[in-house]
Structures are given as structure tokens and as C-alpha cells.
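Trainee: Sending over a structure as C-alpha cells; questions will come in a sec.
The values are calculated or read from the model by the stated rules, or taken from the named source; none is laboratory data. In this text the structure is predicted, and so the values were computed from the model without any measurement. In this analysis, Cβ positions are derived from the backbone assuming ideal geometry, glycine residues included, and neighbour counts consider all displayed protein chains. Surface accessibility is based on the protein's heavy atoms, side chains included, excluding ligands, DNA and RNA. Shrake-Rupley method; radii C 1.70, N 1.55, O 1.52, S 1.80 Å.
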Amino acid sequence: VRSHLHLAKDRMPGRPAVRLLNPTGPEDGWTREATVVQVVTDDMPYLVDSVAAEFARDGVQVQRIVHPIVVVSRDLTGELLEVHPDADPADPPANSAAESWMYIEIDLVTDPNRARELDNRLSSVLGDVREVVEDTDKMAETARRLADELDEKPPGLAVGEVAEGARLLRWLADGHFT
């Protein structure tokens with residue numbers, strides 16, 4: 001927890017903090033027989049699945065994931081001011097936000113180049129998740145608009161195909177994008 005708190009000390013909202021480490025007693029004060037991945041980022045949907053899928057794509061076995069949602073207050077520079085342990089992440093207090101603090105144990109990675117590669121890929125996936133979450137409402141609105149256009153000005157296709165296309169777009173816009 002102390003190690004994760006150290007990682008979370010300075011983090012700009014919108015930017016994840018990621019660290020891969022092989023903790024040792026003398027250096028870190030604790031040990032694991034696995035590589036530890038720590039992530040601190042704004043809470044968003046799809047995080048756990050996306051991170052686990054990236055490790056699987058890279059052939060890395062995930063041994064454990066601990067994923068608390070932590071409510072925190074930060075100053076304008078991203079410095080951690082306070083952790084609110086009793087706050088409801090779905091309704092955080094004023095001037096605070098819910099963050100995902102992910103602790104993941106993966107197979108031991110001893111090659112520094114491999115660790116750097118995993119770190120970069122993980123940061124990339126977290127950026128992709130952010131883009132998807134931020135674009136979801138725009139995508140759904142565009143799908144609804146296109147469905148309305150199909151109804152109002154159908155292209156020269158079979159009527160059934162046009163209606164089916166409009167229904168599919170509305171169905172996607174009703175929360176079926178993943």
C-alpha cells in the first residue's frame with residue numbers, strides 16, 4: 001500500500017501513473033516472487049479487461065489483480081492532497097475524484113527491455129481506453145443521427161435493409177458499444 005501511495009503522490013488527471021517492479025526487501029521493504037504492476041488512473045469502464053487482454057496478447061500470465069476504486073483530492077498540479085477512505089466512488093465529495101488503483105502480479109519479468117516494452121504497451125492501452133470512454137457519447141449520438149437520416153432519406157437500397165440498418169444503429173447507441 002505504501003508503494004502504491006508513493007506512485008499516486010503526483011499524477012495529473014487524465015494521465016496514468018504506471019510502474020513495473022520486482023520488489024526486493026532491501027530496496028522496497030517487501031518482496032514478491034512475481035513482477036508487480038501498479039497503475040493509478042482516473043476511474044473508467046473497461047480498465048481491468050483491457051489491461052488483462054494486453055498482458056494475454058503479450059503472452060504474460062496474470063496471477064492476481066486487485067482493483068480498488070479510491071476517492072482522492074488533488075491540487076491543480078496533480079499532487080495528492082487526501083485519500084477519502086469512506087467516500088462513495090459513485091458520489092465523491094466536492095473537489096475529489098474516483099481513481100482506479102490497480103495492483104497486478106504477473107509472471108516474473110527480469111529483462112529490462114521486456115519490462116520497458118510492457119510498460120509502454122500498458123500505457124498505450126490505458127490511453128486507448130480513455131479515448132474510447134471519451135468518444136462513446138459522440139459515437140452513440142452519431143449512430144442515432146445516422147439512423148434518423150436513414151429513416152428520413154433512405155438510400156436506394158431495399159426498404160427492409162435500410163430499416164434493419166437503422167435498427168442496428170439505434171441498438172448500438174443504446175449501450176451496446178463495447
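Trainee: Among the residues in the range 4-19, are any open to solvent by 30 Å² or more (accessible area, probe 1.4 Å) and over 21 Å from Ser123 (Cβ atoms)?
Mentor: No, the range 4-19 has no match at all.
Trainee: Within the range 127-147, take every residue that is β-branched (Val, Ile, Thr) and open to solvent by less than 50 Å² (accessible area, probe 1.4 Å) and give me the one that is modelled with the highest pLDDT.
Mentor: Restricting to residues being β-branched (Val, Ile, Thr) and open to solvent by less than 50 Å² (accessible area, probe 1.4 Å), the top hit is Val129.
Trainee: Given (1) in a loop (DSSP other than H, G, I, E, B); (2) touching a helix residue (DSSP H, G or I) at 6+ places or on another chain (Cβ under 7 Å), identify the lone condition not met by Ser50.
Mentor: (1)
Trainee: Take the residues of the range 22-52 that are within 30 Å of Asp88 (Cα to Cα) and without any contact (Cβ under 8 Å) to a residue 24 or more places away in the chain: which is most open to solvent (accessible area, probe 1.4 Å)?
Mentor: Residue satisfying both the conditions and the ranking: Asp49.
Trainee: Quick check: anything in the range 11-21 part of a helix (DSSP H, G or I) and in contact (Cβ under 8 Å) with a residue 60 or more places away in the chain?
Mentor: no
Trainee: Considering each residue of the range 105-160, count those that are part of a loop (DSSP other than H, G, I, E, B) and either within 24 Å of the chain's Cα centre (by Cα) or β-branched (Val, Ile, Thr) (or both), and give that number.
Mentor: Count: 4.
Trainee: To continue, here is another question. Quick test of your reading of the structure: Val71 fulfils all but one of (1) among the hydrophobic types (A, V, I, L, M, F, W, C); (2) under 23 Å from Val133 (Cα atoms); (3) open to solvent by less than 20 Å² (accessible area, probe 1.4 Å); (4) in contact with a Leu (Cβ under 9 Å, 6 or more places away or on another chain). Name the failing condition by number.
Mentor: Only one criterion is unmet by Val71, namely (4).
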